[in-house]
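Okay, structure first, notes after.
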């Protein structure tokens, strides 16, 4: 449940943005809220810089008992990530910038909700990078101990669905039927199921091909990411965790990214944002693979529907988890 509580401020901003089209006060409060969030991030960056300064030897001698939450280098990286996220988000608040982006993205530069979508995309990427850095990068992830429950996984997926529903204005601007149509949650036909069943093995073959080439060109990097994957997902190959994980990612990510975000921010912007949300792979060939998968799923969304994307994503993840478990048992 705590997973949902942390998102309440952001959902509050989205509720305001839904009213902003017909309420000038709500519009003003939406932009003011975004500015305040960015100022909060900048203040966090300044605090980290201050802690970095007093972590230097000349200060540590004067305060030998001072205990800092992070290492000196981590504090500097944390400050940079917070500042970059805040400044990038502030840029999207500028109407001329959104008008410029509207030349390439299917956004309405005057739409308050489209502005929120752009800013939240920056938060998503920036804070994902921040979390990745705090955990120590790929090497740190490989040493981390992750033990989520099935409820944790399902609540994570539910949070993404709530973002999607608020983003398209369920109840506030659209009826349930209109919301389902906007999100692309239509019925699957037999040919759509055949498409899904054809793409899943193609994705798995791509996995193997990328792994083989990567291992040949950069065996150290490939091994680090493989170890990080084992730390993240190795304990989820049981049916009681694999199914909730597949459902949470398949339904949650597809309803949000392909269903809600892509029609407003476009195929490429959405796919790049989706890929950068998988920074557990670091800046590696695996990240490019995730981008390719996102683009394919985006095309499926455009030409079929989001429901088919959900089936592909969920079954692909489920297959990957069981293959990981089988290969680890085979190797041992």
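Residue 97 fulfils the conditions (1) buried (at least 18 other Cβ atoms within 10 Å of the Cβ); (2) in a helix (DSSP H, G or I); (3) modelled with pLDDT of 95 or more except for a single criterion, (1). Taken residue by residue, segment 194-203 has no member that is outside any helix (DSSP H, G or I), closer than 22 Å to residue 320 by Cα and in the same structural domain as residue 264 (by TED's automatic domain parsing).
Within the set 238, 249, 270, the sole residue that is surrounded by fewer than 22 Cβ atoms within 10 Å (Cβ to Cβ), without any contact (Cβ under 8 Å) to a residue 40 or more places away in the chain and touching a helix residue (DSSP H, G or I) at 6+ places or on another chain (Cβ under 9 Å) turns out to be 238.
Would you be able to say whether some residue in segment 76-86 is in contact with a helix residue (DSSP H, G or I) (Cβ under 6 Å, 6 or more places away or on another chain), assigned to a helix (DSSP H, G or I), more than 26 Å from residue 116 (Cβ to Cβ) and modelled with pLDDT under 85? The answer is yes; a qualifying residue exists.
The numbered conditions (1) more than 30 Å from residue 112 (Cβ to Cβ); (2) in a helix (DSSP H, G or I) are all true for residue 275 except (1). If I filter segment 205-223 for residues that are under 30 Å from residue 12 (Cβ atoms) and not in a helix (DSSP H, G or I), do I get at least one hit? No, there is no match, as no residue in segment 205-223 is under 30 Å from residue 12 (Cβ atoms) and not in a helix (DSSP H, G or I). Quick check, is residue 146 closer than 30 Å to residue 284 by Cα, out of contact with any strand residue (DSSP E or B) (no Cβ under 6 Å at 6 or more places or on another chain) and modelled with pLDDT under 95? So residue 146 fits the description; yes.
The values are calculated or read from the model by the stated rules, or taken from the named source; none is laboratory data. The model shown is predicted, which means the values in this text are computed figures rather than measured ones. Glycine also receives a Cβ, built like all others from the backbone with ideal geometry; neighbour counts cover every protein chain displayed.
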